[in-house]
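Visitor: Below is the structure I would like to discuss, written out as structure tokens.
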Amino acid sequence: MSGTSLRKRGIAFAAIAAAGLALGAGPAAAQLKSYDSSKPSFWKNPPPDWFLGDETEAQKGLAPPVGPALPTPLSELQDNLKKIKLPPGFKIEVYASGLPEARQMAWGDKGTLFVGSFGAGNVYAVTESGGKREVKTILKGLNMPTGVAFRDGALYVVAIDKLLRYDNAEAKLGAMPEPAVVYDDMPPFVAHGWKYIVMDKEGAMYLPFGPPFNIGIPPTSLSQIRRVHPNGLAELVALGVRNSVGGDIDPRTGQYWFTENARDWVSDDMPSDKLNRISRLGEHFGYPYCHQGDMPDPKFAMGHKCDEFTPPVLNLGAHVAPLGMKFYTGSQFPAEYRNNIFIAEHGSWNRHKYQGGRIMRVTVDPDGKNAKQEVFAEGWLTGAQEYSGRPADVVIAQDGSLLVADDWAGAVYRISYSR
């Protein structure tokens, strides 16, 4: 199916708030919010409370925390990392600092680490020469260029509604070339419009398309994952996905796995965020009808049963905000880590006591069975609602170490193992 055939703009929807019973809470305040997405102004400038939708009385007053205005100074980063807990034999250090709102990372062919960003609008390149690393801002003024990938000398950047390709990127870090637009069949709204790129062995890129609200009936072209080919053709591969900002290809099977942030405004402890796996084209993962595989939405289930949809491989916990993830394919870590999944949990905001803000390790069979998780690195969550850092992505280095992007502190860390 081409990208053009997927386009369906201007579809009206309703984000209906709080008119029922919160799970584990008292009666919610009756309130109706109706947003008309048929107007271009909505897509470009969604209302400031777009992330609400079905807000419960118990959750009122919660809002996403505002990060530091500037990246954390190097000396403070080093002090913060002294508090990070890791399994025996592992250590963590600052790999690079001064990268405002660092998000997805990708390696160039010549060892350049490319890093996207959230609201900063930048793309960075971390280079190394003579044992010294340098951070360069190579692109500026893009619209939330959170996702980056690299193949055959070209840097791919996704910035809300455009997938861009910069050819011969590593040779032109000082003056990046004009990009080619690979794909632009994407709504231009910002809300849940930030994206993550996962490239498979054929060079096709998996891109998530989140709905522009917390909960509601999504426009037909959203709440899905598409596989975009380098020539701009696209396939629809999954439906019923709320907000995915991380994924990877299983080296054992070639299948696509992805993290998903579940809906907010139910309670502190429900629903759970998820780890999913696509085993066949066109699977529906439940949103907005069912959450965490077994929780019908209190308003939007509309008669649907959870067994109609693909259940998660693993429920990760409520409001832990799983973002970037990678299968471990290196050889530096002990053998039992091979093909494990490392997940960067950005951490809560829609919870009175935050959780997450850490790196989780998941062991799971290729068919998605026997999934288990455990904490791998923690310590960035420093209080009930306080962070010193928020992991946003992970990537495997050539030497087998694990790099971690932190958009709160504006830094990249290196976790290594020594026998």
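Visitor: Looking only at the range 40-56, decide whether some residue is in contact with a helix residue (DSSP H, G or I) (Cβ under 7 Å, 6 or more places away or on another chain), under 20 Å from Arg242 (Cα atoms), modelled with pLDDT under 70 and not in a strand (DSSP E or B).
Guide: No: zero hits.
Visitor: Next question, about the same structure. Out of Leu77, Leu142, which single residue is assigned to a loop (DSSP other than H, G, I, E, B), surrounded by 20 or more Cβ atoms within 10 Å (Cβ to Cβ) and touching a residue at least 12 places away in the same chain (Cβ under 8 Å)? Show your work before the answer.
Guide: Numbers: Leu77 fails: assigned to a loop (DSSP other than H, G, I, E, B).
Only one candidate passes the filter, namely Leu142.
Visitor: Here is a follow-up. Please determine, by comparing only the residues of the range 271-289 that are of a type in the set (A, V, I, L, M, F, W, C) and farther than 11 Å from Asn315 by Cα, which one is modelled with the lowest pLDDT.
Guide: By that ranking, first place goes to Leu281.
Visitor: The conditions are (1) more than 21 Å from the chain's Cα centre (by Cα); (2) within 19 Å of Val362 (Cβ to Cβ); (3) open to solvent by less than 10 Å² (accessible area, probe 1.4 Å), and Asp297 fails exactly one of them. Which is it?
Guide: Among (1) more than 21 Å from the chain's Cα centre (by Cα); (2) within 19 Å of Val362 (Cβ to Cβ); (3) open to solvent by less than 10 Å² (accessible area, probe 1.4 Å), the lone unmet condition for Asp297 is (2).
Visitor: Could you please let me know if Arg252 is of a type in the set (D, E, K, R), open to solvent by less than 40 Å² (accessible area, probe 1.4 Å) and either in contact with a strand residue (DSSP E or B) (Cβ under 7 Å, 6 or more places away or on another chain) or not in a strand (DSSP E or B) (or both)?
Guide: no
Yes or no, residue by residue, for (1) at pLDDT 90 or above; (2) assigned to a loop (DSSP other than H, G, I, E, B):
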| site | (1), (2) |
| --- | --- |
| His192 | yes, yes |
| Lys195 | yes, yes |
| Tyr206 | yes, no |
| Pro212 | no, yes |
| Leu222 | yes, yes |
| Ile225 | yes, no |
| Asn231 | yes, yes |
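Visitor: Checking Ala169 against (1) within 30 Å of Phe285 (Cα to Cα); (2) out of contact with any helix residue (DSSP H, G or I) (no Cβ under 6 Å at 6 or more places or on another chain); (3) open to solvent by less than 10 Å² (accessible area, probe 1.4 Å), only one condition comes out false. Which one?
Guide: So the condition that Ala169 fails would be (1).
Visitor: Looking at the range 353-375, I want the residues that are at positive phi and have a partner that is open to solvent by 40 Å² or more (accessible area, probe 1.4 Å) with Cβ atoms under 6 Å, at least 6 apart or on another chain. Which pairs are those?
Guide: Hits for this filter: Gly357/Leu381; Gly368/Arg277.
Visitor: Give Phe189, Phe114, Phe118 a once-over and let me know the one that is open to solvent by less than 20 Å² (accessible area, probe 1.4 Å), in contact (Cβ under 8 Å) with a residue 60 or more places away in the chain and of a type in the set (A, V, I, L, M, F, W, C).
Guide: Numbers: Phe114 fails: in contact (Cβ under 8 Å) with a residue 60 or more places away in the chain; Phe118 fails: open to solvent by less than 20 Å² (accessible area, probe 1.4 Å).
Exactly one residue qualifies, and that residue is Phe189.
Visitor: Being closer than 26 Å to Pro288 by Cβ, crowded, with 23+ Cβ neighbours inside 10 Å and not polar (S, T, N, Q) narrows it down to one residue among Tyr156, Tyr124, Tyr196; which is it?
Guide: One residue alone meets the criteria, Tyr196.
Visitor: Let me ask something else. Quick one: what pairs do we get from the range 297-316, first residue at pLDDT 95 or above and among the small types (Gly, Ala, Ser), second open to solvent by 60 Å² or more (accessible area, probe 1.4 Å) and not in a strand (DSSP E or B), C-beta under 8 Å, 6+ apart or different chains?
Guide: Close Cβ pairs (under 8 Å, with a partner that is open to solvent by 60 Å² or more (accessible area, probe 1.4 Å) and not in a strand (DSSP E or B)) do not exist here.
Visitor: A further question on this structure: Does Asn339 qualify as being touching a residue at least 24 places away in the same chain (Cβ under 8 Å) and of a type in the set (S, T, N, Q)?
Guide: Here the answer is yes, as Asn339 does meet what is asked.
Visitor: Of everything in the range 368-419, what is in a loop (DSSP other than H, G, I, E, B) and of a type in the set (S, T, N, Q)? Give them in sequence order.
Guide: Of the residues in the range 368-419, the ones in a loop (DSSP other than H, G, I, E, B) are 368-371, 379-380, 384-385, 388-390, 397-401, 407-410, 418-419.
Across the range 368-419, the qualifying residues are Asn370, Gln385, Ser388, Gln398, Ser401, Ser418.
Visitor: How about the range 378-419: which of its residues are open to solvent by less than 20 Å² (accessible area, probe 1.4 Å), among the hydrophobic types (A, V, I, L, M, F, W, C) and either under 22 Å from Asp250 (Cα atoms) or in contact with a Cys (Cβ under 9 Å, 6 or more places away or on another chain) (or both)?
Guide: Those that are open to solvent by less than 20 Å² (accessible area, probe 1.4 Å), among the hydrophobic types (A, V, I, L, M, F, W, C) and either under 22 Å from Asp250 (Cα atoms) or in contact with a Cys (Cβ under 9 Å, 6 or more places away or on another chain) (or both): Ala392, Val394, Val395, Ala397, Leu402, Leu403, Val404, Ala405, Ile415.
Visitor: Kindly indicate which of Tyr256, Tyr156, Tyr166 is without any contact (Cβ under 8 Å) to a residue 40 or more places away in the chain and aromatic (Phe, Trp, Tyr).
Guide: Tyr166
Visitor: Could I ask something else about it? Does the range 304-333 hold any residues that are of a type outside the set (Val, Ile, Thr), open to solvent by 20 Å² or more (accessible area, probe 1.4 Å) and in a loop (DSSP other than H, G, I, E, B), and which are they?
Guide: Within the range 304-333, His304, Lys305, Phe309, Pro311, Pro312, Ser331, Gln332 qualify.
The values are calculated or read from the model by the stated rules, or taken from the named source; none is laboratory data. Treat the numbers as computed from the prediction; the structure is a model and nothing was measured. Reconstructed Cβ throughout: ideal geometry from the backbone, glycine too, with neighbour counts over all protein chains shown. Please note that ligands, DNA and RNA were not included when accessible areas were found on the heavy atoms of the full protein model with its side chains. Shrake-Rupley method; radii C 1.70, N 1.55, O 1.52, S 1.80 Å.
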